[in-house]
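Only the coordinates and a few stated rules stand behind these numbers; no lab work does. Predicted model only: the values in this text are computed from it and were never measured. Glycine also receives a Cβ, built like all others from the backbone with ideal geometry; neighbour counts cover every protein chain displayed.
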Amino acid sequence: MTVDLDKFKKPGKDYYLALGLEGSANKLGVGVIKHNLGQLSSENRAEVLSNVRDTYITPPGEGFLPRDTARHHRNWVVRIIKKSLVDAGIKGTDLDCICFTQGPGMGAPLQSVVIAARTLSQLWKLPLIGVNHCVGHIEMGREITGANNPVVLYVSGGNTQIIAYSRQRYRIFGETLDIAIGNCLDRFARVLKISNDPAPGYNIEQMAKKGKHLVTLPYTVKGMDLSMAGILSYIEVLAKDLFSSNPKKNKNLIDEESGELITPEDLCYSLQESLFSMLVEITERAMAHVQSNQVLIVGGVGSNERLQEMMELMVNERKNGSIHATDERFCIDNGIMIAHAGLLSYRMGQINDLKDTVCTQRFRTDEVFVSWRDD
Amino acid sequence: MNSPIAEYSSPDINKTLTAGDGPHSTNGKTTQISEFVTKAGGEDRDKPTEASDSQLGQLRAKITSLQDNINVFLTQRMKQVKDEGDIERRILDDGVDEDSD
């Protein structure tokens, strides 16, 4: 049985247009998506009309503070929305609805973007749809890759979750017990003063490619969950020793086999290998639990090619296994995924009254009722 | 065009805040980039666009001035409440730590 997505179609119009606004962290994204009437399928794909993003970039060694991130979003949002509409070749009043990220994320940036969403909604008299950020990633990943019912690995600066769909919820099978994987990588990048442009994780990935020696790091899988704060502390100490002038302190930083000195590149390589192995382990276990052979990787860290490669090795050893990942346009936070997931809600009649558009920093993936799926 | 105003009320005072006489601009005093970021070597590429000559553009600039006045006022209020709290605690505790004999 499939759900009817066209109960709320407008007479005389055979498509829907939605604007999505994303600003839960340091990226401000605005996108316009088009759905034609009927079920989404391989013959009837959602169409990306525009997908504009601007990232708040901080100096090397610094993270992004809520106040300045929110200021970035406030001061750019109008320009980015204008560009998005121009790219899409439409007017605001052509839209069916305005979708925004309701959470999870950082409070101040979320607040800034929702104000823009409310304003547009009242200006153009359009309904508002609050979208769970994680569900946005999942739905966009499914749409772009065509993966029907995958185990989803959601890895980003603020989230690390293994998710599978069951009875109209995206259920969390495993997750981080402390910090997110992207946060672990970003904070390590700060210790090494690696540039934040275009993203600290991307720069770690490039450095890791030059790493030759694997430094043993703690491996902390706890059942279906994982913990990364301890690994970060451990490697931070190693990294600080690397820059220490005291030669005694450097005794841990010699490769046992070759006797060569450990470099920052080796540390990047070792950190990636350890963290990604943990992810592969719990993803494989989740696949066995739900008897799925598809994996979909979403979230900013999902654009890491080494993670994709390691996951592929595991998936290829499973019967009929397939792996799906998207590139940076859809992996890294963007407005189009919010537009897409929001439009699915809209087509099922799930819209928010103005009073129900308050953002929340805590909004778990499994709180969302997935009315648009019934498999 | 009328100027935007903001009204503040609490048990002890009521106050109406205005945008002031101007000149107004969208580059507010209290909405600048954090000093913390500039000290770390960051540059400000996120300045707001300048206000246009249109009515809405002028309103934007006035609201920025009003926001500045609200921020200054509320910061003072918070500081005042904090100072009063300190006085109260000093009188009640008579400068003596409760746990000491």
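Please give me the summed charge of the neighbours of A:Val301: other residues whose Cβ is under 13 Å from its Cβ, Lys and Arg +1, Asp and Glu -1.
Net charge in that neighbourhood comes out at -4.
Would you mind checking A:Lys83/A:Lys125; A:Lys193/B:Lys62; A:Lys27/B:Lys79; A:Lys193/B:Lys82; A:Lys193/B:Lys47 for any pair whose Cα atoms are more than 29 angstrom apart? Display every interim value, and only then the final one.
Values: A:Lys83/A:Lys125 21 Å; A:Lys193/B:Lys62 41 Å; A:Lys27/B:Lys79 34 Å; A:Lys193/B:Lys82 38 Å; A:Lys193/B:Lys47 26 Å.
Beyond 29 Å: A:Lys193/B:Lys62; A:Lys27/B:Lys79; A:Lys193/B:Lys82.
How much net charge surrounds A:Asp87 when only other residues with a Cβ under 14 Å from its Cβ are counted (Lys, Arg +1; Asp, Glu -1)?
Surrounding charge for A:Asp87 is +4.
Longest span of chain A, sites excluded, free of chymotrypsin sites (Phe, Trp or Tyr not before Pro) in DSSP loop with at most 16 other C-beta atoms within 10 Å?
Values: sites that count: A:Phe8, A:Tyr219, A:Phe243, A:Phe369.
Looking at chain A, A:9-218 is the longest stretch - no exposed chymotrypsin sites (Phe, Trp or Tyr not before Pro) with at most 16 other Cβ atoms within 10 Å.
Between A:Asp87 and A:Gln361, what length in nm is gained on full extension when 0.36 nm per residue of separation is reduced by their alpha carbon distance?
95.5 nm
Dipole size in debye (nearest 20) for the protein assembly as shown around its Cα centre, Lys and Arg Cβ +1, Asp and Glu Cβ -1?
1400
Relative to the Cα centre, what is the charge dipole magnitude of segment A:149-330, using +1 at the beta carbon of each Lys and Arg, -1 at the beta carbon of each Asp and Glu, and rounding to the nearest 20 debye?
Working: 19 positive and 23 negative charges, 98 e Å.
Rounded to the nearest 20 debye, it is 480 debye.
At 7 Å along Cα-to-Cβ for each site, give me the label-to-label distance between A:Lys222 and A:Ser258 in nm.
For A:Lys222 paired with A:Ser258, the spin-label model returns 3.6 nm.
Which one, A:Val295, A:Thr69, A:His213, is farthest towards the positive end of the dipole of chain A when Lys and Arg carry +1 and Asp and Glu -1 on their Cβ?
Value: A:Thr69.
What shape does segment A:289-375 have by the C-alpha gyration tensor, where a ≥ b ≥ c are the square roots of the eigenvalues, rounded means a/c under 1.5, and otherwise prolate means a/b greater than b/c and oblate the rest?
Details: a/c = 2.59, a/b = 1.78, b/c = 1.45.
It is prolate, given that a/c is not under 1.5 and a/b is the larger ratio.
Assign unit charges at the C-beta atoms only (+1 for Lys and Arg, -1 for Asp and Glu), then state the dipole size of segment B:5-100 relative to its Cα centre in Debye, rounded to the nearest 20.
Taking the Cα centre of segment B:5-100 as origin, the dipole is about 660 debye.
Counting Lys +1, Arg +1, Asp -1, Glu -1, what net charge surrounds B:Gln67 among other residues with beta carbon under 13 Å of its beta carbon?
Every neighbour counted, the sum reads +4.
Tell me the Kirkwood radius of segment B:5-100: reciprocal of the mean inverse pair distance over distinct alpha-carbon atoms, in Å.
16.7
Which helices of chain A meet both criteria: a Cα extent of 15 Å or more along the helical axis and a mean Kyte-Doolittle score no lower than -1.0, with helices taken as whole DSSP H segments?
A:66-88, A:107-124, A:133-145, A:181-191, A:229-242, A:264-290, A:305-316, A:335-347
At 222 nm, what value in deg cm²/dmol follows for the protein assembly as shown if DSSP H runs of at least 4 each add -39500 (n - 2.57) and the sum is divided by all its residues, to the nearest 500?
Details: 12 runs with 188 residues, N = 476.
-13000 deg cm²/dmol, from helical runs alone.
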